[in-house]
Amino acid sequence: MLSPINTNVFSPKSGDQHMPSHLLLQASFGLPSLGRMSPQSVEAHSPMSSRLAALAQQQEKQQQQLRSLSSLDLGSCASAAGARGLLSAITGEESPPKIKEKATNVASSTVVASSTIEEGLKHLRSSERFVIKVGYKGSTCSSGFRNPMAMVDEPLYPIAILIDELKNEDIHLRLNSIRRLSTIARALGEERTRKELIPFLSENNDDDDEVLLAMAEELGVFIPYVGGVEYAHVLLPPLETLCTVEETCVRDKAVESLCRIGAQMKESDLVDWFIPLVKRLAAGEWFTARVSSCGLFHIAYPSASELLKAELRSIYGQLCQDDMPMVRRSAASNLGKFAATVEPSHLKTDIMSIFEDLTQDDQDSVRLLAVEGCAALGKLLEPQDCVAHILPVIVSFSQDKSWRVRYMVANQLYELCEAVGPEPTRADLVPAYVRLLRDNEAEVRIAAAGKVTKFCRILNAQLAIQHILPCVKELSSDSSQHVRSALASVIMGMAPVLGKVIGIDLLSQSLLPAIVELAEDRHWRVRLAIIEYIPLLASQLGVRFFDDKLGALCMQWLEDKVYSIRDAAANNLKRLAEEFGPEWAMQHIIPQVLNMINNPHYLYRMTILHAISLLAPVMGSDITCQKLLPVVINASKDRVPNIKFNVAKVLQSLIPIVEHSVVEQTIRPTLVELSEDPDVDVRFFAGLALQVFTCRCFILYPANDSAGTVNR
């Protein structure tokens, strides 16, 4: 008979507790339990105690059992369990002296069994499963017996500690142990994991939410540790319990793990184990169980018989009419996934009836989730059924009394349009979309403005110009900066869509005023959104449109009051030069940029230096030497130190671009002069640039005397 080993006896809180009803570990040696193995439990007055006598009587039986174990027969972790009792007794959280004292007493009282444990541990040494080596090191105890930690080669100590920490008072230790359940399961083996570890977890689910969340996540990938898909059903009870806890994130993770396990289970096991679980949760007295059940129907339904399928559809309909709004919200949120598994004949009857009930719910939190169901169901229904059942609901939701429902419609509008098709969209959804663009709530207008380009792609150009562009012009001067920012981030996409149809001239009359107004918006984030899309717009509409309409704006941004705008404007010029080429940039960008170097404000002069450093690699060596470098050299005479050390940084960036002779004759003397400037920052950056120049000379011209001259 296998005797139990209490894995909790070594935790600080277990000293005055009784043995738990379920014992995690049982020794497979046939070795009786060593009990708590504390010095107090070993009778000091008699070396041959009654416990020792019992051990002696069973020695022969132990040896026979151990001989029958092969080196690979570790599934039940026989030797591990026997040795763990000894290890746990002497490797608690005490200091090494106390451990040594305990080890002496334990070794003295178990001298008869020591050879048996040694023999059993030979099997563990031959296994590759136990590779972690942790613990106190030592060879002998004070009594002369071999130290048990050295005797077992310390492979099982971490496993014993992990098991003990499952019920530790410290949440961090419990959390660490839960996150390493796979390690414990590998040590126990598949059978003992099914029979002992999983029931232990099922009974000990009253813990902190963080621990329960980790447990729910670990159990979702636990099928290989319980023996494969054939035994996957043993993982359902602990997850079913976690589906009923109050914390939402724990329930969601438990449902996710159940779905992952259910997707791998055999159909017969789904019918025997998974579907009853779903029905129990759906009938749960506490609302948390019913909430969790809604996310499991799409896993259970395909494998059910016709009778069970009808029952599941009926149960789901009841959940959609539950008294608790939380349950109805969960049912509305999962309706699309469940509907995807239902047969088309029942989809038009049962599911659509459920859907209509949700769309008329008195709670706006339920109705807004039903909006997502519109898009999901629209993809499952035939086009004519979609127009008959889904389109009226969308139009009704666009006028809902709750702004949150209208916001959800605006946010899901493109998906809803895809569900009903282009023709119904043009006929029925354009007026609904216009209402959303002009909604009283800024949040609704933000969501609608963000979909304006996608919506225009569905419409023809005439409808867009007639109905959408007037709203765009209004939104460009909206009272909310967030609305204008949302519009600015997508308005550039309208130009290619409409420009190819109505032409550049008409586009400039209809759309450009809104773009210009946003480009000059008083809030810098709106202006920034426009700047980032200027190169894309220029590439799609061509050089002529840019020169006529947007060129002045790009130069204007270089003198903006906000640094982020000036920086984005400089990068914008670089991207435009890359798009249209150096010749175009030389004609339209370089002259205007260089004229700004004389701006009376030093911050704007710094922006021009930054723009020059970005444009130089695109323009090439010749233009850089002829046009850009002289401006930078003249700026080194500026009276503001900030300008001078930025000159040093720009000159450093130009060294790889221009020829070596130009560097030697023009750049190096300027840097040498700056390195003697009274300002410490100017000297620092000039010295840094000289170091870069010196290193480059040594690399490119190792025999050149000029390198040595610079170095000296």
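Overview of values
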read-out: Heavy-atom accessible area per residue - segment 562-610, 1.4 Å, Å²; value: 48
read-out: Pairwise label distance in nanometres, LYS266 with VAL229, each label 7 Å out on the Cα-Cβ vector; value: 1.0
read-out: Neighbour cut-off at most 16 other Cβ (10 Å), DSSP loop, chymotrypsin sites (Phe, Trp or Tyr not before Pro), segment 185-294; value: TRP286
read-out: Accessible area of segment 159-200 belonging to carbon and sulfur atoms, whole % at 1.4 Å probe; value: 45
read-out: Mean accessible surface per residue for segment 164-251, computed with a 1.4 Å probe while every protein chain stays in place, in Å²; value: 40
read-out: Accessible heavy-atom area order of HIS482, HIS588, highest first, probe of 1.4 Å; value: HIS482, HIS588
read-out: Cβ-defined net charge surrounding LEU463, 14 Å radius [Lys, Arg +1; Asp, Glu -1]; value: 0
read-out: ASN595-LYS279 pseudo-label distance in nm [points 7 Å out on the Cα-to-Cβ vector]; value: 8.4
read-out: Theoretical gain in end-to-end length, SER305 to ALA552 [0.36 nm per residue, Cα-Cα removed]; value: 81.8 nm
read-out: Residues of segment 326-388: accessible area per residue with a 1.4 Å probe, Å²; value: 41
read-out: Filter on LYS451/LYS473; LYS195/LYS266; LYS253/LYS348 - keep pairs with C-alpha separation over 27 Å; value: LYS253/LYS348
read-out: Global geometry of segment 351-421, whether rounded, prolate or oblate, following the gyration tensor of its Cα atoms and the 1.5 cut on a/c; value: oblate
read-out: Rounded accessible area of VAL543 (nearest 10 Å², 1.4 Å probe); value: 60
read-out: Carbon plus sulfur fraction of accessible area for segment 263-345, probe 1.4 Å, in percent; value: 55
read-out: Share of carbon and sulfur in the accessible heavy-atom surface of segment 565-701 [1.4 Å probe, %]; value: 53
read-out: Added length on full extension, which subtracts the Cα-Cα distance from 0.36 nm per residue, GLN587 to MET324; value: 87.7 nm
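The values are calculated or read from the model by the stated rules, or taken from the named source; none is laboratory data. Predicted, not measured: the structure shown is a model, and the values here were computed from it. When we count neighbours, we look across all protein chains shown, and the Cβ atoms used for this are built from the backbone with ideal geometry, even at glycine. Surface areas here come from the heavy atoms of the whole protein model, side chains and all, with no ligands, DNA or RNA. Shrake-Rupley method; radii C 1.70, N 1.55, O 1.52, S 1.80 Å.
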